[in-house]
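Just below is one structure, and these are the notes that go with it.
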Amino acid sequence: MAQPLISPSVLAADFANLQRDVEMLNESSADLIHIDIMDGIFVPNISFGFPVCAAIHKHAKKPMDYHLMIQKPELYLGSCKENGAETIAVHIEACPHLHRVVQEIKNLGCKASVALNPHTPIELLSDVLPDLDVVLIMSVNPGFGGQKFLNNTFDKVRHLKEVIKSRNLNCQIEIDGGVTDQNAAQLIEAGADILVAGSFVFNSPDPAGTILALKAL
Ligand code: DX5
Ligand code: ZN
């Protein structure tokens, strides 16, 4: 089985010890650092804004993987880039002009990712899929860490993987929400390339060991 890339979500880090936790990620086998931005409108919670992203970026030695759970994400793409974004994910549900937003992300020199809520079918991506570097499939309803993984994700990943292969596209599948050692192997088998993990990593006694274990499943 292919080894997944692991993108630990700092939403579950200790915000009073952010430098320590980012340094732990630097030293770990994490591939990316997942940054969850929430606006309290698109999702019913507020996480943190760009001053905190700047503090993370100052210490981060791994590529930053931004996940914008906000309305009008097009207003903040430049701020993501300034604060270290390698990848920027916007929600399809927040973008009436998705094609334009995807081009804006690419014009900034970032990888373009589109996130889908659990109820959103992958068919809606059909026309924009060739432009995407990543599709981020939400395996919980976005807004909070520590939620239970939704099992309909497996079929969605399998289906998307088939479409990507049959159309000969070069697009990674990222899974976000409730990822643990109980579902990671099955997700990789279904076709996931990148796994986000927040509470499973940061609430474990040995976060770096947990990251390594997820990679090695
Ligand atoms: C949820 C966020 C996730 C979250 C994952 O809205 O997008 O990235 O931090 O946290 P866990 O792994 O705890 O479900
Ligand atoms: Zn996320």
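Observations on the model:
- Per residue, in Å², the accessible surface of the chain once ligands and nucleic acids are set aside, probe 1.4 Å: 45
- Remark: C-alpha extents of the stretch 133-213 on the principal axes read 42, 25, 21 Å, sorted largest to smallest.
- For a modelled paramagnetic label at Asp206, 7 Å from Cα along Cα-to-Cβ, no residue of the stretch 5-23 is in reach, as no backbone nitrogen comes under 12 Å.
- Using only side-chain charges placed at the Cβ, +1 for Lys and Arg and -1 for Asp and Glu, the dipole size of the stretch 5-216 relative to its Cα centre rounds to 160 debye.
- DSSP finds beta bridges in the chain, and of those with both partners inside it, around 5 percent are antiparallel.
- In this label model, Asp14 and Ser166 are separated by 5.0 nm, measuring between points 7 Å along each Cα→Cβ vector.
- With the convex hull drawn around the C-alpha atoms of the stretch 5-216, the volume per residue stands at 108 Å³.
- Cβ-based charge dipole, the chain, positive-most Cα from Ile35, Val101, Pro118: Val101
- Nitroxide proxy distance, nm - points 7 Å out along Cα→Cβ at Arg100 and Ala216: 5.0
- Of the residues Gly146, Asn170, Leu136, the one whose Cα sits farthest toward the positive end of the charge dipole of the chain, with +1 on the Cβ of Lys and Arg and -1 on the Cβ of Asp and Glu, is Asn170.
- Convex hull volume per residue for the stretch 41-150, taking Cα atoms only, in Å³: 110
- R0 of 22 Å, Cβ-Cβ distance Ile46-His119: FRET efficiency to nearest 0.05: 0.45
- Per-residue ellipticity at 222 nm computed for the chain from its helices equals -9000 deg cm²/dmol, with DSSP H segments shorter than 4 residues left out and the rest contributing -39,500 (n - 2.57).
- Taking a point 7 Å from the Cα of Met1 along the Cα-to-Cβ direction, the residues of the stretch 173-217 with backbone N closer than 13 Å to it are 180-195, 213-217.
The values are calculated or read from the model by the stated rules, or taken from the named source; none is laboratory data. The structure presented is a predicted model; accordingly, all values stated were derived computationally and were not measured. Please note: Cβ atoms are built from the backbone with ideal geometry, for glycine as well, and neighbour counts cover all protein chains shown. Protein only, heavy atoms only, side chains kept; ligands, DNA and RNA dropped before computing areas. Shrake-Rupley method; radii C 1.70, N 1.55, O 1.52, S 1.80 Å.
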